Amino acid sequence: SLLYLQEPSNKRVRPLARVTSLANLISPVRNGAVRRFGQTIQSFALRSDSKSPGCSQKSCSRSAAPTPPKRRNSVLWSEMLDVNMKESLSTKEIKRQEAIYEMSRGEQDLIEDLKLARKAYHDPMLKLSIMSEEELTHIFGDLDSYIPLHEDLLASLGEATKPDGTVEQIGPILVKWLPRLHAYKGYCSNQLAAKALLDQKKQDRRVQDFLQRCLESPFSRKLDLWSFLDIPRSRLVKYPLLLKEILRHTPKDHPDIQILEEAISIIQGVLSDINLKKGESECQYYIDKLEYLDEKQKDPRIEGSKALLCHGELKNKNGHKLYVFLFQDILVLTRPVTRNERQSYQVYRQPIPVQELLLEDLQDGDVKMGGSFRGAFGNSDKAKNIFRVRFQDPSPGQSHTLQANDIFHKQQWVNCIRTAIAPFQRTAAAAELKELPELSEESEENNPSVPNVKAQRRQSAMSGITEMELDESAAECGSVLDSEEAKGVKTHRTLSGHRKTREKQLSSKRKETLV
């Protein structure tokens, strides 16, 4: 039986290779500088699995065995407690301490990621001249300056932690620290331009190869560079949730209650300011990329825009791709173009001011891509997720039938446009009410208490009465005829002699009224 437990003496065993730096993971290339790349990140001790000797040569040459990503410690606060200590705390207090520990642990992870972005990406690319210093500064921003900011919070939380691992009060620490997050305004505002530059640089083969090798390395946790650069923003939006979770598990009589509510108000104000600044920056970014084919297309409402309500790719009814921008005061349709590796947007037709914009929510099949209307083609040719935008005044002659990728994006566009034009529709409705009795033709015809010259003229045409007679009747009566007068009018319609006499009698009154 012992024979079955022993390893065969002739079995080949290949020991696991110990990787001391990321340079060992990079295959030899012509550039000798890359071979020295590992010197910049020697602190990362990595372990990779060797290729299995039993695998076929074809499969091994195609792709190496995947390296397991580095995992973070996910131990809960309660799992580190002594049994006696755990029994002495209430369930609500344990959950409160768990929420505080989650915030503390998140700060520690954020600090590690910020340092990693600098050490594993920024510094090596600068040293290997993969990107210029100016380009790296534009992409990474002042990421280093935020490390001390979060280290301060982590240190304060550490000082507030008792020997048994609990934190009595966290509110005063947060109220004092949270306003410092305003420092992220510049970083978040630059993210759109930074992402665009990074995507452009990825076209460079050296950049692409470097980032791919980092992605395949365990330290990246299968996250690309942009994921690391976006971690601060994603951390910011988590603060309100973390604070609300701590507040939810805090007893009503705890001194932290009111202070935590104040802290939540502070972080919401900070995020609102950052979003406003980020929105203005995004708006200006796209405005700078607009190209005009005609001076008439330029509108001061475009340059003066501070908010971009919605933007994205849509198709017109000819199937051409358009990139549409809904600014706060104007809708701009463009065609995306690339010149000298620079993305820009060529303005298509005349921009439509929001107060002159009319939206039509079309049903699936109303229009076919290509401009054919329903009924001309079979069911398979029906266009879906379509809507139409045009000028309220038909004189410019512009109407655009647009198609979204799916019903979700269509609804987003329809909701955004409706929200944008709603204030102007209310203003227009109020103006119409002030101009009464100018009602629509349908309402005037259905309401006999309101004089309607147009309706009277239509009736006169049907009954053979001249327009002059109706004007005379209106001038004499000053209002709509009652039933008896109406009968009298019918009698005059049948008797031509009476009609002529009536005309002569009222001619002087008509002239008087016209004057």
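Looking across segment 267-284, just one residue is surrounded by fewer than 17 Cβ atoms within 10 Å (Cβ to Cβ) and among the hydroxyl-bearing types (Ser, Thr, Tyr), and that is 272. Against the numbered list (1) open to solvent by less than 10 Å² (accessible area, probe 1.4 Å); (2) touching a strand residue (DSSP E or B) at 6+ places or on another chain (Cβ under 9 Å), residue 136 comes up short only at (2).
For segment 309-332, indicate whether the set of residues that are exposed (fewer than 13 other Cβ atoms within 10 Å of the Cβ) and over 26 Å from residue 410 (Cβ atoms) is non-empty. Break it down into steps so the answer makes sense when it comes.
So in segment 309-332, the residues exposed (fewer than 13 other Cβ atoms within 10 Å of the Cβ) come out as 313, 318-321.
Adding the requirement that they be over 26 Å from residue 410 (Cβ atoms) leaves none.
Scanning segment 309-332 turns up no residue that is exposed (fewer than 13 other Cβ atoms within 10 Å of the Cβ) and over 26 Å from residue 410 (Cβ atoms).
So, residue 343, is that one open to solvent by 10 Å² or more (accessible area, probe 1.4 Å) and either under 20 Å from residue 195 (Cβ atoms) or assigned by the TED database to the domain that holds residue 277 (or both) or not? Lay out the reasoning, then the answer.
Values: open to solvent by 10 Å² or more (accessible area, probe 1.4 Å): yes; either under 20 Å from residue 195 (Cβ atoms) or assigned by the TED database to the domain that holds residue 277 (or both): yes.
When the stated conditions are applied, residue 343 passes them.
Select, from 191, 208, 203, 212, the only residue that is surrounded by 14 or more Cβ atoms within 10 Å (Cβ to Cβ), out of contact with any His (no Cβ under 9 Å at 6 or more places or on another chain) and farther than 30 Å from residue 170 by Cα. If you could, list the steps in order and put the result at the bottom.
Numbers: 208 fails: surrounded by 14 or more Cβ atoms within 10 Å (Cβ to Cβ); 203 fails: surrounded by 14 or more Cβ atoms within 10 Å (Cβ to Cβ); 212 fails: surrounded by 14 or more Cβ atoms within 10 Å (Cβ to Cβ).
Of 191, 208, 203, 212, the one residue that is surrounded by 14 or more Cβ atoms within 10 Å (Cβ to Cβ), out of contact with any His (no Cβ under 9 Å at 6 or more places or on another chain) and farther than 30 Å from residue 170 by Cα is 191.
For residue 154, the stated conditions do not hold, so it cannot be described as over 30 Å from residue 261 (Cβ atoms) and hydrophobic (A, V, I, L, M, F, W, C). Restricting the first member to segment 232-260 and to residues that are hydroxyl-bearing (Ser, Thr, Tyr), and the second to residues that are surrounded by 18 or more Cβ atoms within 10 Å (Cβ to Cβ) and in a helix (DSSP H, G or I), the beta-carbon pairs closer than 6 Å and six or more apart or on different chains are 239/267; 250/96; 250/256. Scan segment 122-143 and tell me whether some residue there is modelled with pLDDT under 90 and more than 27 Å from residue 247 (Cα to Cα). So far as segment 122-143 goes, yes, one or more of its residues are modelled with pLDDT under 90 and more than 27 Å from residue 247 (Cα to Cα). Touching a residue at least 60 places away in the same chain (Cβ under 8 Å), over 28 Å from residue 254 (Cα atoms), in contact with a Phe, Trp or Tyr (Cβ under 8 Å, 6 or more places away or on another chain) and surrounded by fewer than 20 Cβ atoms within 10 Å (Cβ to Cβ): is that true of residue 128 in this structure? Yes: the conditions hold for residue 128. In segment 145-172, the residue that is nearest to residue 247 (Cα to Cα) out of those that are among the acidic types (Asp, Glu) and at pLDDT below 90 is 168. Within segment 229-242, the presence of at least one residue that is part of a loop (DSSP other than H, G, I, E, B), out of contact with any strand residue (DSSP E or B) (no Cβ under 9 Å at 6 or more places or on another chain) and open to solvent by 40 Å² or more (accessible area, probe 1.4 Å) is confirmed. Restricting the first member to segment 337-363 and to residues that are closer than 12 Å to residue 400 by Cα, and the second to residues that are open to solvent by 70 Å² or more (accessible area, probe 1.4 Å), the beta-carbon pairs closer than 6 Å and six or more apart or on different chains are 348/335; 358/392. A residue that is among the small types (Gly, Ala, Ser) and open to solvent by 50 Å² or more (accessible area, probe 1.4 Å) occurs somewhere in segment 146-155.
The residue list 397, 378 contains one member that is over 21 Å from residue 332 (Cβ atoms) and either at pLDDT 85 or above or exposed (fewer than 13 other Cβ atoms within 10 Å of the Cβ) (or both), which is 378.
Scanning segment 202-252 for residues that are under 15 Å from residue 120 (Cα atoms) and small (Gly, Ala, Ser) gives 217, 220, 227. Restricting 302, 264 to those that are aliphatic (A, V, I, L, M), buried (at least 16 other Cβ atoms within 10 Å of the Cβ) and either out of contact with any helix residue (DSSP H, G or I) (no Cβ under 8 Å at 6 or more places or on another chain) or within 30 Å of residue 347 (Cα to Cα) (or both) reduces the list to 302. Here is the figure for segment 265-308: residues that are assigned to a helix (DSSP H, G or I), within 16 Å of the chain's Cα centre (by Cα) and of a type outside the set (Asp, Glu) total 13.
The values are calculated or read from the model by the stated rules, or taken from the named source; none is laboratory data. Since the structure is predicted, the reported quantities are computational estimates derived from the model, not experimental observations. Reconstructed Cβ throughout: ideal geometry from the backbone, glycine too, with neighbour counts over all protein chains shown. SASA here: full protein model, heavy atoms, side chains in, ligands and nucleic acids out. Shrake-Rupley method; radii C 1.70, N 1.55, O 1.52, S 1.80 Å.
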